[in-house]
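I have placed the structure first, in the form of structure tokens, so that the comments after it can refer back to it.
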Amino acid sequence: MLELSGINQYYGGSHILNEVNLKVSDGEMVCLLGRNGVGKTTLMRSVMGMVAIKTGKLLFAGKNITQTTTEQRARAGIGFVPQGREIFPLLTVEENLKLALAGRRDGLRNVPAHIYTLFPVLLDMRHRRGGDLSGGQQQQLAIGRALVLDPKILLLDEPTEGIQPNIVVEIGQVLRRLNQELGLAVLLVEQKLPFARQVADRFVIMERGQIQATDEMSALDDTLIQRYLTV
Ligand SMILES: Nc1ncnc2c1ncn2[C@@H]1O[C@H](COP(=O)(O)OP(=O)(O)O)[C@@H](O)[C@H]1O
Ligand SMILES: [Mg+2]
């Protein structure tokens, strides 16, 4: 489904991503782990085309999309929930969701009903401003907004950061449901290991811009955790 090969990325003189290879298969849920500053967000932004890929190749659904724009990638089926959510605080929940409709090819004018079914709170609060929602509700809105485009894969960058535990559980359930019912593939950056274990099939660990380990989630043991994840 999504395949990165030999990706390199720089900010000025610093080498941020170093020969990154990463593959997410159809219907797979993969969790990208690593300490702060190792390049996880840069990797997500590279997949979305928000930072240009210096060298390397990005394949999606068998097509080379290395040179395509962010909008083209979104339309092709890569959904993105950025770190920090980035919803529009002064627009209502419904307006936030409707803005995303502009990216659909089919000209749909209304927010697909299944988004409100997945997140009933968004229906209840659809006329409230985004900025009036709790952090967890804003995260649900950010996920809902990404789902408006019916993605085939959903990228989420630390979706549980700063969110109350009950909503973390709900988000985990929604992701599993989307995966099981619609076959949505997921690439998730996550710091909370219990959540990562609940949601993901496989982990990928990064350190200083390089992939260090990947395996089934059940193989994430204390040695790996101490070496690559504890602060
Ligand atoms: N826009 C930027 N300009 C310069 N350096 C950046 C920029 N964004 C991130 N960095 C640096 O790149 C490295 C990787 O950052 P990031 O991808 O955000 O890591 P992570 O998401 O794993 O915490 C860090 O050292 C960070 O300081
Ligand atoms: Mg980050």
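The values are calculated or read from the model by the stated rules, or taken from the named source; none is laboratory data. For clarity, every value in this text was computed on a predicted model and none was experimentally measured. For neighbour counting, all protein chains shown are included, and Cβ atoms are generated from backbone atoms with ideal geometry for every residue, glycine included. These area figures cover heavy atoms from the full protein model, side chains too; ligands, DNA and RNA do not enter into them. Shrake-Rupley method; radii C 1.70, N 1.55, O 1.52, S 1.80 Å.
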Qualifying positions in the range 33-43 - within 8 Å of ligand 1 (Cβ to nearest atom) and in contact with a strand residue (DSSP E or B) (Cβ under 9 Å, 6 or more places away or on another chain) | Gly34, Arg35, Val38, Gly39, Lys40, Thr41, Thr42, Leu43
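It is to be established whether one or more residues within the range 109-121 are open to solvent by less than 10 Å² (accessible area, probe 1.4 Å) and either within 20 Å of the chain's Cα centre (by Cα) or more than 16 Å from ligand 1 (Cβ to nearest atom) (or both).
yes
Give the residues of the range 201-219 that are surrounded by 15 or more Cβ atoms within 10 Å (Cβ to Cβ) and under 20 Å from Gly39 (Cα atoms), sorted by residue number. Step through it out loud before you land on a result.
Keep residues of the range 201-219 that are surrounded by 15 or more Cβ atoms within 10 Å (Cβ to Cβ), which gives 201-207, 209-214, 217.
Listed by number, the residues that qualify are Arg202, Phe203, Val204, Ile205, Met206, Glu207, Gly209, Gln210, Ile211, Gln212, Ala213, Thr214.
Of the residues Lys54, Lys23, Lys63, only one is over 22 Å from Gly135 (Cβ atoms), in contact (Cβ under 8 Å) with a residue 12 or more places away in the chain and in contact with a Phe, Trp or Tyr (Cβ under 7 Å, 6 or more places away or on another chain); which? Outline the logic, then answer.
Numbers: Lys23 fails: in contact with a Phe, Trp or Tyr (Cβ under 7 Å, 6 or more places away or on another chain); Lys63 fails: in contact with a Phe, Trp or Tyr (Cβ under 7 Å, 6 or more places away or on another chain).
Of the residues listed, the single one that is over 22 Å from Gly135 (Cβ atoms), in contact (Cβ under 8 Å) with a residue 12 or more places away in the chain and in contact with a Phe, Trp or Tyr (Cβ under 7 Å, 6 or more places away or on another chain) is Lys54.
Each row is one residue, and each column tells you yes or no for (1) surrounded by 21 or more Cβ atoms within 10 Å (Cβ to Cβ); (2) within 13 Å of ligand 2 (Cβ to nearest atom); (3) more than 21 Å from Gly77 (Cβ to Cβ); (4) among the charged types (D, E, K, R).
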position	(1), (2), (3), (4)
Lys23	no, no, no, yes
Asn36	no, yes, yes, no
Leu43	yes, yes, no, no
Lys54	no, no, yes, yes
Of Leu32, Leu58, the only residue that is in a strand (DSSP E or B), of a type outside the set (Gly, Ala, Ser) and within 16 Å of ligand 2 (Cβ to nearest atom) is Leu32
With respect to Val30, is the statement that it is at pLDDT 95 or above, hydrophobic (A, V, I, L, M, F, W, C) and within 16 Å of ligand 1 (Cβ to nearest atom) true?
-> yes
Need at least 2 residues that are under 17 Å from the mean Cα position of the chain (by Cα), under 21 Å from Ala61 (Cα atoms) and in contact (Cβ under 8 Å) with a residue 40 or more places away in the chain per element, so show me which strands (runs of 3 or more DSSP E) inside the range 129-231 make the cut, counting only ones lying wholly within it.
-> 153-157, 185-189, 202-207
